[in-house]
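Below is one structure, written out as structure tokens; comments come after it.
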Amino acid sequence: MEGVLSQLALGFVHVFAPANLIALVVGLLAGLLVAVLPGLTLVMGVVLALPFTYKMDVTAAIILLTAMYVSGTYAGAWTSILFRVPGEPIDVPLLWDGYTMARKGQAPQALGWTLLAALFGGLLAATVMVALSHPIAKIALTFSTPEYFAIIFFGLASVVSLGGSSLANALISLFIGLLIATVGVDDTYGAHRFTFGVPILTDGIDYLVVMVGAFGLGEVFSRLDYGFRTAPLETVGTVKTKLPQWRDIAATKASFIRSGVLGVLIGIVPGAGATVASFLSYGVESQYGKRKAEMGRGIPEGIIAPQTAATSSVGGAMIPLITMGIPGSGATAIILGAFLLHGLQPGPQVFQTSSDLVYAVFASLFVAVIGMCLIGYFAAKVIVRVLEFPEVIVSAYVVMCCVLGAFAARNNITDVWLLVVFGVLGYLAERLRFPVPPLVLGVILGPLAEQNFMTTMISFNNDWTVFFTRPVSGPIMAIGVFTLIYPIIRHLRQRAGRPATRHAGRN
Amino acid sequence: MVDAARLKPTVPYVLLGAAAGYLYYVAAHFDYHRREGVLGPDFWPKLVLILVIVTCVYEVAKRLVLGARKEEVGGVLGELVEESARAHGDTALAVPVEHHPWLLVAGMALSVAYVAVIQTLGFFSATVPYIALFIALGGYRRWGVIAAVSLIGALALMFFFMKIVYVSLPIGREPFDQVMLALMQIMAIR
């Protein structure tokens, strides 16, 4: 533990180096703006920031993206509470009590509870992240290829199981992603796979192009389809933050702790993330909270639960990313991309090869959480004004960032053509209800999954049962299979519990 | 006889399944030196393609037999969000229903045209009209703002990416390259 603390102290020294500190502040501001700006989602924002980090030092790049990620879970609350405009699903539960409080003339108090919840959730998650990462990484070091394949399988299974409105569509998205990852020259045999004589395809399809196209350009196309129509904003008198009294905080401490722990745990589950954390935590508070009967009527617990869990899920999601190289959410998938762009593969070995970087990232989360709350306290009034910015102008610049991001990766115009292809694919996916995150994670984790699968097959004489019979990979595979079939079980149970009148009504 | 209402939703799955079938054929003809008892580079893509085909066949069969999408097995997150929003009578998550297909097609065509001409016109000469047209297409009509946003934006992006990030953006072909070369000289970009 002493070693961890001394490394963390060194991490703080790195964070306060001028370049890293500037990256952190820029990341915080960008994350806050992204969460407030119309037409930009948190994941999109992190995707668009990625090209700007190409030439940065890897530590500064990861700090910037992590700061964006954490602050992006916070600022959306302001627009939910003040204007009833949730930036993305994370912020929807904040409407139920936060906006209700604002309508009762308690907007400053609601913003104060939001700030405190984000602060507590962020710091708790950062502490848990520091405490758990090294032990988990030590365990992960003993893993062999079957275990790694099992973990990736579990990660992909949970992304499929959680996301989207159709399990089959999520599976198809994932398979398309895995297939895109196979394009190019195979490492072992040198065979050309799906290159169709196109020279640039021999190097494979850059996952960055897929991410930027599907998340960024695809989203812009969707907004074009909806005609950039956003709801008119309500007028708000003042944007002030009033922090709660100590006795009020003491009275709600159980909600803080419950939501914080839940957020971290949900963040750790690959494929879950801030949205699941926010909704589930609100649900748990409504079921078990001291004032459960008053939830939805504008009480602090209705703000504490979703906001604490959403922010604490960030630290949770960083744990599988840093210790095993498995992203726990859409944003961490992009942070994984940033690691890979700089030639670093996250996983247990990074604690030995790049411990300075790891602890600088850990320390940066503490600083980022405090920094974002300070900015929120003093600058929320200024930042929410960007909500008035025309969405179509934001979208035009989103396209520009997408184009430049794709072009800059390999200085090749073919990548920009591929970007347009994946933009259209991303739009069609959303239109036809095929979720995009499984596709993107499939592209990122596909090569790792294939490599670990093939190596296992070679090492164990093509005996695929080894994945299920080894003491560590077996249970993980079993959990993965259960995760995959859980939505079906849930569906069947719901159907069995439904009154027969429904069927009668459909005829 | 299956009615059109049931056939229409199967189209994406039929197309995907057919594409997967073709790609399976391509994968079966990968050129490599086979080794006895060792899985080749075609194994993984073939496995994935079989899974795509199986899922598509299942979806087509389900839609033809059951028809409606109401009984679909949903992802846990999607259902969680929908149920919670419904429980609170919240419409904030409701997807806008009004589509603008021509706007979409025009936006896509504009983006394709931009990519097509950027190497000929150069980054600046292609980007300024692209940003301006995109914003106008989106229904924004304050022309002064459009002009300022597109000009200043293109210059700022050019400066950042060429001067700070050292990305060599397309200069264009003669005679259009003169614009970029002049701007690069002004910005002291080498």
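The values are calculated or read from the model by the stated rules, or taken from the named source; none is laboratory data. Predicted, not measured: the structure shown is a model, and the values here were computed from it. Positions of Cβ are backbone-derived with ideal geometry, glycine not excepted, and every protein chain shown enters the neighbour counts.
Of all residues in the range A:430-443, which are surrounded by fewer than 24 Cβ atoms within 10 Å (Cβ to Cβ) and aliphatic (A, V, I, L, M)?
A:LEU432
Tell me which of these A:GLY227 doesn't satisfy, since it passes every other one: (1) modelled with pLDDT under 85; (2) farther than 25 Å from B:LEU104 by Cα.
Of (1) modelled with pLDDT under 85; (2) farther than 25 Å from B:LEU104 by Cα, only one is false for A:GLY227: (2).
Matching residues to (1) surrounded by fewer than 24 Cβ atoms within 10 Å (Cβ to Cβ); (2) more than 10 Å from chain B (Cβ to nearest Cβ); (3) aromatic (Phe, Trp, Tyr); (4) within 24 Å of A:ILE458 (Cα to Cα):
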{"position": "A:VAL159", "(1), (2), (3), (4)": "no, no, no, no"}
{"position": "A:GLY184", "(1), (2), (3), (4)": "yes, yes, no, yes"}
{"position": "A:ASP187", "(1), (2), (3), (4)": "yes, no, no, yes"}
{"position": "A:PRO199", "(1), (2), (3), (4)": "yes, yes, no, no"}
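Does A:LEU418 count as within 12 Å of another protein chain (Cβ to nearest Cβ) and either outside any loop (DSSP other than H, G, I, E, B) or surrounded by fewer than 21 Cβ atoms within 10 Å (Cβ to Cβ) (or both)?
Judged against the criteria, A:LEU418 is a match.
Please go through the range A:1-20 and pick out each residue that is closer than 30 Å to A:VAL398 by Cβ and in contact (Cβ under 8 Å) with a residue 60 or more places away in the chain.
A:VAL15, A:ASN20
Here is a list: A:ALA49, A:ALA126, A:ALA110, A:ALA118. Which entry is at pLDDT 85 or above, within 13 Å of another protein chain (Cβ to nearest Cβ) and assigned to a helix (DSSP H, G or I)?
Residue meeting the stated conditions: A:ALA49.
Failed condition for A:TRP113, given (1) buried (at least 23 other Cβ atoms within 10 Å of the Cβ); (2) under 19 Å from the mean Cα position of the chain (by Cα); (3) over 27 Å from A:GLU391 (Cβ atoms), with all others met?
Exception for A:TRP113: condition (2).
Looking only at residues that are modelled with pLDDT of 60 or more, surrounded by fewer than 15 Cβ atoms within 10 Å (Cβ to Cβ) and in contact with a Gly (Cβ under 9 Å, 6 or more places away or on another chain) in the range B:89-111, which one is nearest to A:VAL85 (Cα to Cα)?
B:GLU98
Yes or no, residue by residue, for (1) surrounded by fewer than 23 Cβ atoms within 10 Å (Cβ to Cβ); (2) out of contact with any helix residue (DSSP H, G or I) (no Cβ under 9 Å at 6 or more places or on another chain); (3) within 14 Å of another protein chain (Cβ to nearest Cβ):
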site: A:ILE136; (1), (2), (3): yes, no, no
site: A:LEU141; (1), (2), (3): yes, no, no
site: A:PRO146; (1), (2), (3): no, no, no
site: A:ILE152; (1), (2), (3): no, no, yes
site: A:LEU171; (1), (2), (3): no, no, yes
site: A:LEU178; (1), (2), (3): no, no, yes
site: A:ALA181; (1), (2), (3): no, no, yes
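So that you can scan it fast, the table gives a plain yes or no per residue for (1) within 30 Å of A:VAL209 (Cα to Cα); (2) at pLDDT below 90; (3) more than 8 Å from chain B (Cβ to nearest Cβ):
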{"site": "A:ALA449", "(1), (2), (3)": "yes, no, yes"}
{"site": "A:PHE460", "(1), (2), (3)": "no, no, yes"}
{"site": "A:ILE476", "(1), (2), (3)": "no, no, yes"}
{"site": "A:LEU484", "(1), (2), (3)": "yes, yes, yes"}
{"site": "A:LEU492", "(1), (2), (3)": "no, yes, yes"}
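Which one of B:PHE176, B:PHE123 is aromatic (Phe, Trp, Tyr), crowded, with 16+ Cβ neighbours inside 10 Å and away from every other protein chain (no Cβ under 11 Å)?
None of the others qualify; the one that does is B:PHE176.
Do we find that A:VAL403 is surrounded by 22 or more Cβ atoms within 10 Å (Cβ to Cβ) and at pLDDT below 90 in this structure?
no
List the residue pairs whose Cβ atoms are under 9 Å apart, where the first residue sits in the range B:156-176 and is within 20 Å of A:LEU50 (Cβ to Cβ), the second is charged (D, E, K, R) and modelled with pLDDT under 85, and the two are 6 or more positions apart or on different chains.
B:ILE164/A:LYS55; B:VAL165/A:LYS55; B:TYR166/A:LYS55; B:VAL167/A:LYS55
When you check A:PHE453 against the structure, is it more than 25 Å from the chain's Cα centre (by Cα), surrounded by fewer than 17 Cβ atoms within 10 Å (Cβ to Cβ) and of a type in the set (Phe, Trp, Tyr), yes or no?
Details: more than 25 Å from the chain's Cα centre (by Cα): yes; surrounded by fewer than 17 Cβ atoms within 10 Å (Cβ to Cβ): no; of a type in the set (Phe, Trp, Tyr): yes.
Judged against the criteria, A:PHE453 is not a match.
So which pairs qualify, if the first residue must be in the range B:10-32 and within 8 Å of chain A (Cβ to nearest Cβ), the second must be among the basic types (Lys, Arg), the Cβ gap must be under 7 Å, and the two must be at least 6 apart or on different chains?
B:ALA27/B:LYS46; B:PHE30/A:ARG193
Within the range A:40-48, does at least one residue satisfy the condition of being β-branched (Val, Ile, Thr), surrounded by fewer than 24 Cβ atoms within 10 Å (Cβ to Cβ) and farther than 14 Å from A:PHE339 by Cα?
yes
Looking only at residues in the range A:16-38 that are part of a loop (DSSP other than H, G, I, E, B) and either buried (at least 21 other Cβ atoms within 10 Å of the Cβ) or in contact with a Leu (Cβ under 8 Å, 6 or more places away or on another chain) (or both), which one is modelled with the lowest pLDDT?
Restricting attention to the range A:16-38, the residues satisfying the condition of being part of a loop (DSSP other than H, G, I, E, B) are A:16-17, A:37-38.
Subset that is either buried (at least 21 other Cβ atoms within 10 Å of the Cβ) or in contact with a Leu (Cβ under 8 Å, 6 or more places away or on another chain) (or both): A:37-38.
On the way: A:LEU37: 77, A:PRO38: 65.
Filtering first and then ranking leaves A:PRO38.
Is the range A:371-379 home to any residue that is in contact with a Pro (Cβ under 8 Å, 6 or more places away or on another chain) and either surrounded by fewer than 24 Cβ atoms within 10 Å (Cβ to Cβ) or among the polar types (S, T, N, Q) (or both)?
no
Please verify whether the range B:137-151 includes one or more residues that are surrounded by fewer than 16 Cβ atoms within 10 Å (Cβ to Cβ), in a helix (DSSP H, G or I) and within 12 Å of chain A (Cβ to nearest Cβ). I'd like the intermediate steps shown before the answer.
Taking the range B:137-151 first, the residues surrounded by fewer than 16 Cβ atoms within 10 Å (Cβ to Cβ) are B:139, B:141-145, B:147-148, B:151.
Narrowing further to those that are in a helix (DSSP H, G or I): B:143-145, B:147-148, B:151.
This time we only want the ones that are within 12 Å of chain A (Cβ to nearest Cβ), so: B:145, B:148.
Yes, the range B:137-151 contains a residue that is surrounded by fewer than 16 Cβ atoms within 10 Å (Cβ to Cβ), in a helix (DSSP H, G or I) and within 12 Å of chain A (Cβ to nearest Cβ).
Before we move on, is A:PRO435 within 25 Å of the chain's Cα centre (by Cα) and over 30 Å from A:THR188 (Cβ atoms)?
yes
Kindly provide the set of residues from the range B:33-48 that are facing chain A (nearest Cβ under 7 Å) and part of a helix (DSSP H, G or I), ordered by number.
Answer for the range B:33-48, where residues must be facing chain A (nearest Cβ under 7 Å) and part of a helix (DSSP H, G or I): B:TRP44, B:PRO45, B:VAL48.
Part of a loop (DSSP other than H, G, I, E, B), in contact (Cβ under 8 Å) with a residue 60 or more places away in the chain and farther than 30 Å from A:ILE249 by Cα: does that describe A:ILE335? Working first, answer last.
Details: part of a loop (DSSP other than H, G, I, E, B): no; in contact (Cβ under 8 Å) with a residue 60 or more places away in the chain: yes; farther than 30 Å from A:ILE249 by Cα: yes.
Answer is no for this residue.
Here's the yes/no breakdown for (1) basic (Lys, Arg); (2) modelled with pLDDT of 90 or more; (3) surrounded by 14 or more Cβ atoms within 10 Å (Cβ to Cβ):
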position	(1), (2), (3)
B:LEU15	no, yes, no
B:GLU36	no, no, no
B:LYS46	yes, yes, yes
B:LEU51	no, yes, yes
B:CYS56	no, yes, yes
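State all residues of the range A:373-390 that are under 30 Å from B:LEU110 (Cβ atoms) and either at pLDDT 85 or above or facing another protein chain (nearest Cβ under 7 Å) (or both); if no residue qualifies, say none. Can you show your working first?
Applying the first criterion (under 30 Å from B:LEU110 (Cβ atoms)) to the range A:373-390 yields A:385-390.
Residue satisfying the conditions is A:PRO390 alone.
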